[in-house]
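Each remark here refers to the structure printed beneath this line.
Derivation of every value follows stated rules applied to the coordinates shown; laboratory data play no part. Not measured: the values here are computed from a predicted model. Neighbour counts are summed over all protein chains in view; Cβ atoms, including those assigned to glycine, are modelled from backbone coordinates with ideal geometry.
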């Protein structure tokens with residue numbers, strides 16, 4: 001069964017936003033301060049470099065996803081598949097950690113992290129064992145709901161907007177702005193590599209992929225830019241940098257006609273959708289890697305279950321504290337994603353192009 005080009009685009013959007021709430025916005029504003037909006041714009045312009053690489057890999061052979069394409073490179077390709085699969089599992093753990101930490105700190109502060117993680121992973125496992133069409137349709141529904149919630153939140157906060165919070169411009173110089181751009185690329189753009197697990201021939205009307213993808217892509221970038229700008233304009237850069245999840249705290253200021261108040265819990269569901277679908281896609285990627293690289297039969301969905309258990313374990317023990325996590329997301333993780341989701345895909349593209357011409 002096939003997914004539509006719009007469903008494909010919706011799935012990619014979850015990979016973009018899954019680490020924006022919390023890690024990305026914190027990192028961007030830590031480096032660029034009130035110039036973080038400039039970092040977002042620069043990252044958008046630079047993002048076309050990895051997107052071109054991904055698109056060329058998608059088009060190299062319409063019948064192949066990234067795993068089967070690597071398999072055609074022999075032993076080297078299988079090694080690359082194992083490396084990429086391992087990092088995708090690690091990435092899923094990073095997204096899950098951020099999600100369970102958010103839920104624990106804002107809603108269920110007396111609930112152990114592992115309990116929250118298990119409950120979430122049960123739902124994620126159920127999604128991941130379905131066929132690709134079901135995953136795509138679920139993602140489309142989540143995307144629509146997330147979009148509605150975003151629009152409600154953005155419109156409700158406009159009256160609080162204060163442009164003075166964004167001044168002065170270029171106060172910290174160009175280098176911090178570029179560092180913020182790299183954080184945005186590493187946490188929001190490079191993970192789009194994971195969507196290459198869907199081969200082009202599995203997409204209906206695949207000649208319209210670019211059109212559908214860029215509509216959603218540009219919309220999501222506008223969303224990220226507006227969230228960052230609204231946070232700084234309303235809270236100010238000093239207060240924004242004090243919060244681990246400033247985009248959640250900004251929702252607490254919403255007051256519609258003195259009737260709708262304290263709606264942040266409902267509106268924050270959009271970020272839960274982003275993380276859940278992103279982890280589900282990562283598990284699907286890892287499952288496809290194992291079954292197609294090693295010709296493994298996925299009886300009783302044992303592969304999915306094993307991957308979920310690994311993700312659970314890593315997410316529980318990867319960080320000793322929030323401070324360690326923030327430092328990792330800010331200073332280390334963008335470099336890791338650039339290696340595994342940019343440099344390695346570029347190497348794959350070069351190898352398959354050379355092999356095709358020889």
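Over segment 68-107, the fraction of Cα-Cα pairs per 10 Å bin, rounded to whole percents and listed from the shortest bin up, is 29, 28, 21, 15, 7.
Helix 113-128 versus the longest principal axis of the chain: what is the Cα-based angle in degrees, 0 to 90, to the nearest 10? The two axes meet at around 50 degrees.
In the elastic network of the chain, a GNM with C-alpha springs shorter than 10 Å, the most mobile of 197, 144, 38 is 144. In this entry, the chain is assigned a mean projected area of 18.0 nm², taken as a quarter of its C-alpha convex hull surface. Once C-alpha pairs closer than 8 Å and six or more residues apart are averaged by separation and normalised to the residue number of the chain, the relative contact order reads 40 percent.
Expressed as an acute angle from 0 to 90° and rounded to the nearest 10, what is the orientation of the C-alpha long axis of helix 48-60 relative to the principal long axis of the chain? Computed tilt is about 30 degrees.
Using the Cβ-Cβ distance between residue 351 and residue 105 with R0 set to 51 Å, the FRET efficiency from 1/(1 + (r/R0)^6) comes to roughly 0.70. Only helical runs count toward this figure. For the chain, summing -39,500 (n - 2.57) over DSSP H runs of n ≥ 4 and dividing by all residues gives -22500 deg cm²/dmol at 222 nm.
Principal-axis analysis of the Cα atoms of the chain puts helix 302-317 at an angle of about 40° to the longest axis. Projected label points at residue 175 and residue 218, each 7 Å from Cα along the beta carbon direction, are separated by 3.5 nanometres. Treating each Cα of segment 1-129 as an identical point scatterer and summing with the Debye formula, the log10 of I(q)/I(0) at q = 0.15 Å⁻¹ comes to -1.05.
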